[in-house]
1. Give region 489-522 a look and list any residue that's at pLDDT 85 or above, touching a Lys or Arg at 6+ places or on another chain (Cβ under 9 Å) and surrounded by fewer than 18 Cβ atoms within 10 Å (Cβ to Cβ), or say none.
2. Looking only at region 294-312, decide whether some residue is without any contact (Cβ under 8 Å) to a residue 24 or more places away in the chain, assigned to a helix (DSSP H, G or I), hydroxyl-bearing (Ser, Thr, Tyr) and more than 20 Å from residue 235 (Cβ to Cβ).
3. Out of (1) within 27 Å of residue 12 (Cβ to Cβ); (2) modelled with pLDDT under 95, what's the single condition that is false for residue 307?
4. Please find, among 243, 277, the residue that is surrounded by fewer than 21 Cβ atoms within 10 Å (Cβ to Cβ), within 25 Å of residue 323 (Cβ to Cβ) and either touching a Leu at 6+ places or on another chain (Cβ under 6 Å) or among the hydroxyl-bearing types (Ser, Thr, Tyr) (or both).
5. List pairs: first residue in region 500-513 and assigned by TED's automatic domain parsing to the domain that holds residue 524 and among the β-branched types (Val, Ile, Thr), second residue part of a strand (DSSP E or B) and surrounded by fewer than 18 Cβ atoms within 10 Å (Cβ to Cβ) anywhere in the structure, Cβ distance under 7 angstrom, at least six positions apart or on different chains.
6. Condition check: more than 30 Å from the chain's Cα centre (by Cα) and surrounded by 15 or more Cβ atoms within 10 Å (Cβ to Cβ). Does residue 313 satisfy that?
7. Return the residues of region 454-472 that are at pLDDT 85 or above and either touching an Asp or Glu at 6+ places or on another chain (Cβ under 6 Å) or under 18 Å from residue 505 (Cα atoms) (or both); say none if nothing qualifies.
8. Does region 170-180 contain any residue that is within 18 Å of residue 113 (Cα to Cα), in contact (Cβ under 8 Å) with a residue 60 or more places away in the chain and part of a helix (DSSP H, G or I)?
Amino acid sequence: MRTFVARDEAKRAWGVKLGINGFYTADDPQLHGNGYYLPAAVPSCHAYHELIPAEKYFDKHPEWFPLTQGERRPGRLQGAQLCVTAEGLADEFARRVIELFDADPNLNVLSISPNDGRGWCECEQCKALDERLCGSRTTKQGLAGEQPFMGDRVFWFANQVAERVAKVHPDKLLLVLAYINYAEPPDTVVPAKNVVPWLCHYAPADYSRPISDPTSAANAQFNALLTRWAQQAPHLLFYSYVSKSMWWRLPRPVVHNFAADVKYLHSLGLRRYYCQSTLTDWPEAGPLYYVLCKLLWDPSQDPNALAADWVTHMFGPAAKEMASFYAAVENSVKASGQSYSDDPPRDVPGLYDQADLDRAQRHLDDALTAAAGDEGALTRLKPVAETFRYGRHMIAALEAAHQYQQAPTIELAKTIEEQTANAWASYPYRYAKRYFDGIRMHTQLGVISSGFGEGEQKGGRLCWNSDETGPGDNAAGWATFFLNVADTKRPVRLEMDVWGTSQLDQVVINTGGQRKGYAEGGVWNPVKPKHSLSGKEQWDTLVFTIPADLLAADKPVQTIGFGGADSQVWVGGVRFGQGEQ
């Protein structure tokens with residue numbers, strides 16, 4: 001079995017030392033012997049756009065690009081494919097592939113896989129092809145719902161290209177992903193000999209257990225898919241998401257599970273293994289990479305002994321404490337028994353046992369003390385400590401965010417702000433930042449709110465506009481308050497400081513449906529203020545009395561909405577209380 005690493009000098013040197021047959025560059029075989037690499041022109045797995053870029057071909061051949069929603073649209077690396085039945089496309093696609101192989105005799109493999117995502121062509125010829133090959137069936141494999149099955153279409157086109165390429169380069173291999181709604185083996189199409197199916201462990205995946213563990217429903221579904229492929233395509237290439245399991249750099253005890261997967265894949269006859277990993281996350285999963293590299297050459301080895309070897313040579317005098325650190329991290333997830341995959345906001349709440357994380361922190365602190373006299377060990381320990389510190393703050397922030405989304409409070413908002421600030425101080429991970437930016441907590445008004453723009457001044461006072469994207473853009477302009485109401489059997493008095501020329505004559509309260517829209521069954525009841533706005537350039541205080549029978553019964557947080565239709569409402573402060581009005 002082989003694995004592949006990214007094009008980075010330090011990682012390439014590390015890979016050569018461990019015997020990894022990596023996706024390097026055209027120069028590496030001359031330096032280190034035979035090796036596989038992808039060409040600079042098609043540097044990743046998704047290849048339709050790289051080989052047939054819209055910038056070059058769309059104006060002259062729009063028919064080569066997908067017909068979606070009634071019109072031909074340019075392809076792109078994500079979310080748009082090709083019209084695989086279009087006349088002349090397979091010829092040009094194959095010509096481009098042959099051109100790359102001609103230019104570099106040492107190039108042995110090339111991906112001809114679809115672009116990432118969907119965006120499949122809906123023309124009559126492509127739909128007729130689906131009907132002929134697989135009855136236009138659907139698939140639920142690893143998806144939220146049913147999707148058209150594209151496995152036969154994808155491998156049919158791959159075979160069209162492969163037939164043309166084989167006439168010139170019969171020994172070259174063409175890699176084709178088996179992914180999302182083309183993860184299953186084709187119903188009728190048999191991949192050509194020079195076409196290597198590239199099965200992604202994504203449809204679905206549960207990294208808390210080995211693939212062969214039947215106690216995981218997700219892995220049981222994937223294992224059924226895997227064994228079908230292994231029977232039909234003995235030359236299968238396995239696509240392993242080594243970095244994607246908790247890819248926000250969170251503690252992820254996956255060494256033993258990935259080790260079990262390598263042994264299992266070997267037992268199925270697989271001899272090709274690809275890792276999606278940049279190795280930038282070694283500080284939180286260092287033993288994983290070492291164990292994987294060793295097992296890929298000899299799956300019979302003991303992963304525990306390999307991990308111990310790595311810890312000993314990495315941390316020297318701190319090895320004992322670091323072995324205990326990794327054991328505590330692993331137990332922190334085993335204690336919960338909860339599954340996890342690649343979605344931290346969904347998977348983290350309830351996943352980690354805090355007592356085990358505390359124990360891991362103590363061992364890490366003791367390891368730093370033990371390594372004080374060893375500069376090399378200390379240098380390697382510090383990134384581990386910093387990453388674990390980041391991970392703990394991120395876990396706390398995700399736990400608070402989960403509670404916040406159920407019942408937003410000022411206290412939870414402050415916890416999230418504090419924990420994320422601490423996390424960003426160690427590592428401002430872009431995916432995590434994007435998620436927390438999307439929550440858009442707003443506490444300046446005195447209550448939790450959302451939908452407001454940046455602060456501005458009116459009448460000498462700081463305020464916020466309910467239309468966060470500004471006037472005149474035809475956006476919804478909808479804003480929301482979240483009120484922590486202690487007793488839903490008593491009315492609520494809501495006071496809002498509103499600029500007098502604002503467009504506000506009522507608020508609506510979410511009586512039922514847990515913040516769902518009208519179309520999804522949400523119940524929103526209007527409430528008018530005791531007095532209207534003055535219409536003058538001044539600050540007014542609107543007072544609303546929300547009757548108890550309009551409150552969402554027994555909910556700790558009440559949701560109040562207002563605005564919409566690009567209305568402009570400037571709010572400077574909010575207060576609320578309970579009692580007879």
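1. 493, 495, 500, 501, 505, 506, 522
2. Yes, because at least one residue in region 294-312 is without any contact (Cβ under 8 Å) to a residue 24 or more places away in the chain, assigned to a helix (DSSP H, G or I), hydroxyl-bearing (Ser, Thr, Tyr) and more than 20 Å from residue 235 (Cβ to Cβ).
3. Among (1) within 27 Å of residue 12 (Cβ to Cβ); (2) modelled with pLDDT under 95, residue 307 violates only (2).
4. On the way: 277 fails: surrounded by fewer than 21 Cβ atoms within 10 Å (Cβ to Cβ).
Going through 243, 277 in turn, the sole match is 243.
5. 507/527; 508/525; 508/526; 509/525; 509/527; 511/523; 511/525
6. Numbers: more than 30 Å from the chain's Cα centre (by Cα): yes; surrounded by 15 or more Cβ atoms within 10 Å (Cβ to Cβ): no.
The answer is no for residue 313.
7. Here is the first cut: in region 454-472, the ones at pLDDT 85 or above are 454-466.
Within region 454-472, 464, 465, 466 qualify.
8. There is at least one residue in region 170-180 that is within 18 Å of residue 113 (Cα to Cα), in contact (Cβ under 8 Å) with a residue 60 or more places away in the chain and part of a helix (DSSP H, G or I).
The values are calculated or read from the model by the stated rules, or taken from the named source; none is laboratory data. No experiment lies behind these values; they were computed from the predicted model shown. All Cβ positions, glycine included, derive from the backbone under ideal geometry; neighbour counts span all protein chains shown.
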